[in-house]
Amino acid sequence: MAGPGADSGSWYRIAGYRPRLRRHARIYRQQYRGRLNYVLQDRTSGRYHVCSPAAYYMISLMDGSRSVQAPGGGACAAFP
């Protein structure tokens, strides 16, 4: 059974979106137990999300100038 992803029949629905982080979101680099992670803080809700370096790379490309489809190719090349 295939999960949602680039091969999904619904991918075309979000491919043109140009996402960006909200102003109240902050990202912090964290070294924990020898592993590098990034912590995404939503200062409005007080929630935290831990991201891998690959996820951080994708998030850092979401500045509102690129579509969802555009950063995907670069991320696949950078993190095989």
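The values are calculated or read from the model by the stated rules, or taken from the named source; none is laboratory data. Because the structure is predicted, anything quoted here is derived from the model rather than measured. Surface areas here come from the heavy atoms of the whole protein model, side chains and all, with no ligands, DNA or RNA. Shrake-Rupley method; radii C 1.70, N 1.55, O 1.52, S 1.80 Å.
Restricting attention to region 18-66, the residues that are in a strand (DSSP E or B), within 17 Å of A78 (Cα to Cα) and of a type in the set (A, V, I, L, M, F, W, C) total 2.
Candidates are the residues of region 22-39 that are open to solvent by 100 Å² or more (accessible area, probe 1.4 Å) and more than 16 Å from the chain's Cα centre (by Cα); the one that is farthest from D63 (Cα to Cα) is R33.
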